[in-house]
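First the structure, in the form of structure tokens, and then the observations on it.
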Amino acid sequence: MKGLNGLILGLGIGIAAALFNWAYVTRATGSVETVAFFGVAPDRNIEAGEILAAEDLVPVPLPAATARRLRGFAFVYPDDRATVVGMRTTRPVPGGSLLLVDDLRPPPPKLVFGGQPAGKEEEIAMFIPIDTRTIVTSLLEPGDMVSFIVSAPTPAGTAPNEVGGSIPPQTGIPPQDNTPPLPAGAPRIIGKFKILAIGNRLSNLDIHRAYQLPQSQENVLTISVRLQGGQLEPKADQLWRMLEATNFRQVGVILHARQRSAN
């Protein structure tokens, strides 16, 4: 690894003069085969996090023998224009520098849902409070299918029985399907739902860490649900009613098996 870093450093030092005098190199090597790479214009200094515009960039022609060693480390001009323009820099890049692959990174993932409604159906995002004491959130990924374990609320008062005890009421939350009503305190499994985000994490944990983003609000799952004729689909409606009845108490999560790709 040290040898690779040394190679890149050596290439950078050896090319520095050519970058500051790229116009001269063009004239001097008119009869020599050259390959151009993207460089930052001498009169522009790019700050970390800045989005590159076309006017920030210039072609830097180099002899083909040198260019062969740079492939994979720098962007070829003009072939990689669509890749470079609009990208955000990961560190400051001074004017007159060769633009390296490590100087750029794609934007972090965004919350994506909705799309084109199918008829009267529309995909929306719903935020669900979960009990992080009962699940390892780092094992969850956007796209996973989960169900929720929700208990019907227990009223403050209970009806006394003949021997002085108490009988839990059998009312609970009315289901939105054909299952019988829940007795108070009994758990119900509601699902399946697709995860869109775990807290502020919109990708798997490795990608999230690669962007050096802090993980926050892991006790909230963002899930995909559907509006049907302007109303929540039955399973989402039932889940929301039970959350309301329990004053949005955190719920348990069941992770369903991921589909395995066929070999």
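The values are calculated or read from the model by the stated rules, or taken from the named source; none is laboratory data. Not measured: the values here are computed from a predicted model. For neighbour counting, all protein chains shown are included, and Cβ atoms are generated from backbone atoms with ideal geometry for every residue, glycine included. To get the accessible areas, we keep the full protein, side chains included, count just its heavy atoms, and leave off ligands, DNA and RNA. Shrake-Rupley method; radii C 1.70, N 1.55, O 1.52, S 1.80 Å.
Can you go through 65, 41, 36 and tell me which one is farther than 24 Å from residue 211 by Cα and at pLDDT below 85? Before you say what the answer is, go through the steps one by one.
On the way: 41 fails: at pLDDT below 85; 36 fails: at pLDDT below 85.
Exactly one residue qualifies, and that residue is 65.
Could you please tell me which pairs satisfy a Cβ distance under 7 Å, a separation of 6+ or placement on different chains, a first residue in segment 61-88 that is within 14 Å of residue 105 (Cα to Cα), and a second residue that is β-branched (Val, Ile, Thr) and modelled with pLDDT of 90 or more?
Close Cβ pairs satisfying both conditions: 75/84.
Quick check on my filter: what residues within segment 103-118 are open to solvent by 80 Å² or more (accessible area, probe 1.4 Å) and either modelled with pLDDT of 85 or more or in contact with a Leu (Cβ under 7 Å, 6 or more places away or on another chain) (or both)?
Of the residues in segment 103-118, the ones open to solvent by 80 Å² or more (accessible area, probe 1.4 Å) are 105, 107, 110, 112-113, 116.
Hits for segment 103-118 are 110, 112, 113.
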